[in-house]
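Colleague: I'd like to ask you about the structure that follows.
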Amino acid sequence: MKRTFLIAGNWKMNAGPSEASKIATELVAAWEGKSFQAEALICPPFVSIPAVAAAFGNSAFKTGAQNVHTEDNGAFTGEVSTDMLKETGCEYVIVGHSERREYFHESSDLVAEKAKKVINDGLKAIVCVGEVLSERKAGTYKEVVKEQMNAVLNTLSGDVSDQFVVAYEPVWAIGTGETATPEQAQDMHQYIRTLLNEHFGSEVAEKIRILYGGSMKPDNAADLLSRPDVDGGLIGGASLKADSFSEILSAAESI
Ligand code: PEP
């Protein structure tokens, strides 16, 4: 069964409101008069979310956030809550991106807590997992991903398939130009599907989308997306240009 693709852009700390609005406007213009089957999502920096949501207007493009706090409000300087994100029109939140795990020391337990909060509050969580290069080379990459997955799975039950998305992002492929081969991606995605199966049972596991992230570009997207357990992409660099993001979306549409 092929699930509805989710093609998601992670703009990281790029594009303030005016630039964000320009790229979002170009995206909408590129698809004017055309429809797509996939879900297409852009996750700008917090301050640019309203500009992107306004530029997307009634189009099929959706907005999301790159992070969230686990509390509703209070003395948490610099943080943003799920309610605030909902108010700006966000539907999705990326949690546990490897840059948050590495530079902001987010543990698997904190990532799990965030994912649970996002889902409980009616948003959709894109939970990132993935190994670093030394773990890939040492052959321990599946254990690493299993530990990251288990932390999240332990907080979830029932049919969360509409609100829970996994993004497999081998850290060695993020922003490096180095992509996992479609075979490496499928192998890990299939493994993640097995973990989902064990936890939720096959009916739910089959519906949960597993995205690939790590230097996905127009020229490798179709090959990756055509693998049976690759249900979309989380795209960094190539999502910052309307043309390349559109080309990846077109690649998804062609499958
Ligand atoms: C990412 O940051 O999630 C990512 C996959 O980045 P890039 O596409 O630039 O490798």
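Quick note: the coordinates plus some simple rules give every number you see, no bench work behind them. As the structure is a computational prediction, the values presented were derived from the model and not from experiment. Cβ placement follows ideal geometry from the backbone for every residue including glycine, while neighbour counts extend to all protein chains displayed.
Colleague: State, to one decimal in nm², a quarter of the convex hull surface area for the C-alpha atoms of region 120-255, i.e. the direction-averaged projected area.
Modeller: That works out to 8.2 nm².
Colleague: Quick check on my link table: of Lys62/Lys241; Lys2/Lys117; Lys22/Lys62; Lys2/Lys114; Lys12/Lys241; Lys62/Lys217, which ones sit more than 22 Å apart, alpha carbon to alpha carbon?
Modeller: Beyond 22 Å: Lys2/Lys117; Lys2/Lys114.
Colleague: While we're on this one: Could you order peptides 188-194, 207-213, 32-38, 154-160 by the average number of other Cβ atoms within 10 Å of their residues, highest first?
Modeller: The peptides rank, most packed first, as 207-213, 188-194, 154-160, 32-38.
Colleague: Determine, at each q value in 0.12, 0.14, 0.16, 0.17 (inverse angstroms), the log₁₀ of I(q)/I(0) that the Debye formula gives when each Cα of the chain is one equal point scatterer.
Modeller: Result of the Debye calculation: -0.64, -0.89, -1.20, -1.37.
Colleague: What would the Debye equation give as log₁₀ I(q)/I(0) for region 64-133 at q = 0.29 Å⁻¹, counting only Cα atoms as equal point scatterers?
Modeller: -1.43
Colleague: Further question on the same structure: So which aspartates and glutamates pass the test for Lys86, namely a Cα distance under 17 Å, with those fewer than 8 places away in the same chain ruled out?
Modeller: Counting by Cα, and skipping residues close in sequence, Lys86 has these aspartates and glutamates nearby: Glu71, Asp72, Asp121, Asp162.
Colleague: What is the Cα radius of gyration of region 11-92 over 2.2 N^0.38 Å, N being its residue count?
Modeller: 1.14
Colleague: Could you list Val171, Val68 in order of exposure, starting from the residue whose Cβ has the fewest other Cβ atoms within 10 Å?
Modeller: Ascending number of Cβ neighbours within 10 Å: Val171, Val68.
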